[in-house]
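Have a look at the structure below before the remarks.
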Amino acid sequence: MNNYETVFILTPVLSDAQMKEAVEKIKGVLVAEKAEIVNEESWGLRKLAYPIDKKTTGFYQLIEFKANPETISVLETQFRREERIIRYLTFRQDKYALEYAEKRRNLKASKETKKEN
């Protein structure tokens, strides 16, 4: 199993419920393909670098997971079918990207524990 990271952008006209439903649908595809979800982050509404379908903002979502290579084609097919997703990018993490992602998660977790105290 390889480590992967996928970032996708949802259209900005969605309600919170619709956005969460779209994310759960993508996570459901990963679970159905026996992928292990390592981390999930919602980056919220952000400005796009350039307009896509006359939209200048979008909801960004990141999912890190471990899966077999065959899972990626199934996932990207689902991305293409989902009309609420306007862009996506999935890539396999090498050892350096994996270390960086781990450090980022640990740093985020330590900041959250400091906020609680």
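The values are calculated or read from the model by the stated rules, or taken from the named source; none is laboratory data. These numbers were taken from a predicted model, which means no experiment stands behind them. All Cβ positions, glycine included, derive from the backbone under ideal geometry; neighbour counts span all protein chains shown. Please note that ligands, DNA and RNA were not included when accessible areas were found on the heavy atoms of the full protein model with its side chains. Shrake-Rupley method; radii C 1.70, N 1.55, O 1.52, S 1.80 Å.
The aspartates and glutamates whose alpha-carbon is closer than 12 Å to the alpha-carbon of K34, local same-chain residues fewer than 8 away aside, are E70. In loop segments of segment 12-111 as defined by DSSP, the GluC sites (Glu not before Pro) with at most 10 further C-beta atoms inside 10 Å of their C-beta are E83. Taking segment 52-117, how much of its Cα-Cα pair set, in percent, is spaced more than 18 angstrom apart? The share of Cα pairs beyond 18 Å in segment 52-117 comes to 57 percent.
Within straight-line reach of K115, meaning a Cα separation under 29 Å, sit the following lysines at least 8 residues removed in sequence or on another chain: K20, K27, K47, K103.
Scanning the chain for trypsin sites (Lys or Arg not before Pro) in DSSP loops with at most 13 neighbouring Cβ atoms within 10 Å leaves 55-117 as the longest stretch between them.
The residues of the chain expose on average 66 square angstrom of accessible surface per residue, using a 1.4 Å probe on protein heavy atoms. Reducing segment 62-108 and segment 1-56 to their Cα centroids gives an inter-centroid distance of 10 Å. Note on K114/L45: beta-carbon distance plugged into 1/(1 + (r/R0)^6) with R0 of 25 Å gives a FRET efficiency of 0.45. Think of it as helices only: each DSSP H run of n ≥ 4 in the chain is worth -39500 (n - 2.57), and spread over all residues that comes to -15000 deg cm²/dmol at 222 nm. Across q = 0.23, 0.24 Å⁻¹, the chain modelled as identical point scatterers on its alpha-carbon atoms has Debye log10 I(q)/I(0) values of -1.32, -1.36, in the order of the q list.
Within the accessible surface of the chain, defined with a 1.4 Å probe on protein heavy atoms only, the carbon and sulfur portion equals 50 percent. In this rough spin-label picture, where each label sits 7 Å from Cα along the Cβ direction, the K20-K54 distance is 3.1 nm.
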